[in-house]
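Student: Below is the structure I would like to discuss, written out as structure tokens.
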Amino acid sequence: MSSGRDDFTIAIRSALLQRGARQKFSLLFLFCFSLIIFFLDIYKVTGIKTLRNIINDGVYRVSNLATSPFRLLENTSVGTKKLIFIYQENIKLRKELEELQNKDLQVEFLQNQNKNLKKTLETDTSTERNSIIAKVLLDKSSPYLKSIIVNRGSSSDILKGMPVLDGSYLVGKIVEVNYLSSRVLLLNDLNSRIPVTFGTDATQAILTGTGTKKPKLEYLPEQFVALEGQKVFTSGKDGIFLPGIPVGLTENNFDETVIKLYSDPNQLSFVNIEIIKSQEEVF
């Protein structure tokens with residue numbers, strides 16, 4: 001009898017899952033059918049047990065089908081939560097990876113800065129020269145005017161006309177001095193003119209800026225053709241630069257001789273400003 005009541009309860013639960021008139025019909029049908037089964041079970045009618053088992057199987061299947069959407073929804077909800085968790089973890093890992101990459105880039109930048117500074121410190125000590133290390137703050141170059149701003153000025157005893165070197169190679173001279181900064185006119189500026197010498201016969205010329213990476217030699221002897229790869233130095237005849245500062249190598253470019261500078265003016269991070277004790281401002 002207890003089994004009959006369980007069947008009835010399950011049947012009622014399944015019927016309640018339906019809607020409208022179909023729900024009312026199902027409830028009435030199940031109620032009547034359950035009563036019949038109940039009385040047949042009381043009077044031990046032959047075959048009622050088999051019939052009850054068949055009905056139980058049907059009810060269980062209907063109940064299972066009725067609850068399937070809810071289980072599917074629950075499983076979908078769990079799956080969605082897992083996907084959200086995986087997505088958040090992915091974002092977190094990507095952020096950590098970006099931070100590591102940024103740290104690597106910062107280390108590489110500092111290594112490059114250190115290399116440039118070391119190169120600047122490794123100046124030629126064969127002659128007694130005093131110099132101040134300056135950091136390049138700004139590149140004020142335009143298509144034809146080439147200059148940089150450094151972080152040394154009159155507070156560091158900087159004067160106009162002082163030579164500026166990259167390591168031991170000439171890159172330009174001071175043309176403007178402020179209290180904490182100065183402007184350096186580079187060798188490839190159109191306004192740059194530097195007396196130089198080169199070759200075994202100490203040929204004299206003027207190194208003239210062209211606005212490009214390679215300045216040219218002017219005022220050479222007539223019909224003179226420079227050999228490729230000759231070393232060019234300052235001559236010191238202008239009274240501004242000391243003689244013997246390395247500048248670059250000669251190259252023949254059609255009907256003129258240009259100079260491949262030892263120091264790339266576009267790659268300067270630190271420079272040396274030559275301090276000449278007896279020097280006054282040179283305009």
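Student: Using label points projected 7 Å from each Cα along Cα→Cβ, tell me how many nm separate Glu218 and Leu159, to one decimal.
Tutor: Each label point lies 7 Å from its Cα, and together they span 2.7 nm.
Student: Follow-up. Just check segment 146-196 against the gyration tensor rule for me: Cα atoms, a ≥ b ≥ c as the square roots of the eigenvalues, rounded for a/c under 1.5, and otherwise prolate or oblate depending on whether a/b exceeds b/c. It would help to have the intermediate numbers written out before the result.
Tutor: Details: a/c = 2.00, a/b = 1.65, b/c = 1.21.
Prolate shape, in that a/c is at least 1.5 and a/b is the bigger ratio.
Student: Normalise the Cα radius of gyration of segment 130-275 by 2.2 N^0.38 Å (N = residues in it) and let me know the number.
Tutor: With N residues counted in segment 130-275, Rg over 2.2 N^0.38 Å equals 1.01.
Student: Separate question: How high is the relative contact order of segment 130-275, in percent, with contacts defined as C-alpha pairs under 8 Å that are six or more residues apart?
Tutor: Details: 379 pairs, mean separation 37.0, N = 146.
Over segment 130-275, the number comes to 25 percent.
Student: To the nearest 20 debye, what is the magnitude of the charge dipole of segment 130-275 about its Cα centre, counting +1 on the Cβ of each Lys and Arg and -1 on the Cβ of each Asp and Glu?
Tutor: Rounded to the nearest 20 debye, it is 460 debye.
Student: Under the 0.36 nm per residue contour assumption, what length would be gained going from the current alpha-carbon distance of Gln88 and Lys231 to full extension?
Tutor: Here the segment from Gln88 to Lys231 would lengthen by 45.2 nm.
Readers should treat all values here as calculations from the given coordinates under stated rules, not as data from a laboratory. In this text the structure is predicted, and so the values were computed from the model without any measurement. Cβ: placed from backbone, ideal geometry, glycine included. Neighbour counts: every protein chain shown.
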